[in-house]
Amino acid sequence: MAAFLRNRRERMEPLGNGRRRTPGRRREEVAEAAGMSVDYYSRLEQARGPHPSVSVLNGLAHALELDADERAHLFRLAGEAVPEEPATTSVRPGVRLLLDRLRDDLAVVISDLGDVLAATPRAEQVFGDVVGRNLLRAFFLDEDSWVPAEDREDVARSHVADLRATLARRPAARPLADELMASPLFARLWDEHDVAVRRSASKRLRHPVLGLLEFDCEVLGAPEHDQRLVIHVAPEGSVTARRLALLATATEAAGRMPEPWTPVPVSPSSE
């Protein structure tokens, strides 16, 4: 830890315009920014100081301008549990850029707790006003689910395993898990202790207007991130692709999707 502190201090831009013989910032400058004495900070850099508290580590991370990964590394070097970062409710800039470029595709941004944070216009056209909804609550606690009954068990297992994986790295998921215990299905599967991060998979949804839709879903986002970009792809030439094309045509003609949704004609044999 002493070597890490010294290394990061020496990498910092010096304060002021004066030239210095040694790189980085002075110990006095870092100690002041961290809210500690120069002597205490010096002893930490010399590996002869007392074990730093969590508040001291937070002060050091602030003073040394550490990013999230460096801050977590500092806590691990000190033998402390890495404090949980609060979940973000705004879409990350990089994810927002991707979403903007996918506006003609069915794409949504979902938090690792199942909150829909953003959606493309195309996705809102098909899925309705989903932004702000929690997909886990909708699946386990609402009776009106678009998931076909024959798929419900498998989808439920995927949801539960993913939430347990989230809980392992983010204790803030506990209240949601406790709330979902009101669902007998969730409670039963939770007791099986399956753990698996959500990844790309196939999905079937029974749309209230278009009927059965089948997608290949691509999930973009590292497991440690709290936001995922999910892209729903209808195979070219499939029944789903044709139904989505009919929906786009009907919406364009009306200027918007009718509320409440009205059926779009499809061939009965394509069900």
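The values are calculated or read from the model by the stated rules, or taken from the named source; none is laboratory data. Because the structure is a prediction, the values reported are computed rather than measured. Ligands, DNA and RNA are stripped out before the accessible areas are found, and what is left, the full protein with its side chains, is counted by its heavy atoms. Shrake-Rupley method; radii C 1.70, N 1.55, O 1.52, S 1.80 Å.
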Whole-number percent relative contact order across the stretch 10-82, with pairs defined as alpha carbons under 8 Å at least 6 apart: 23 percent
Å² of accessible area per residue within the chain, as computed with a 1.4 Å probe and no ligands counted: 56 Å²
Alpha-carbon spread of the stretch 156-206, three principal axes, descending order, Å: 29, 24, 18
Compactness relative to 2.2 N^0.38 Å, alpha carbon Rg of the stretch 14-130: 1.61
Anisotropy class of the stretch 72-184 from Cα gyration tensor, a/c 1.5 cut: oblate
Calculated on alpha-carbon atoms, Rg and Dmax of the chain in Å: 25.3, 81
The chain, helix-only ellipticity at 222 nm - DSSP H runs n ≥ 4, -39,500 (n - 2.57), divided by all residues, nearest 500: -12500 deg cm²/dmol
Contact order relative to length of the chain, as percent, for alpha carbon pairs under 8 angstrom and 6 or more apart: 13 percent
Contact order relative to length of the stretch 65-159, as percent, for alpha carbon pairs under 8 angstrom and 6 or more apart: 15 percent
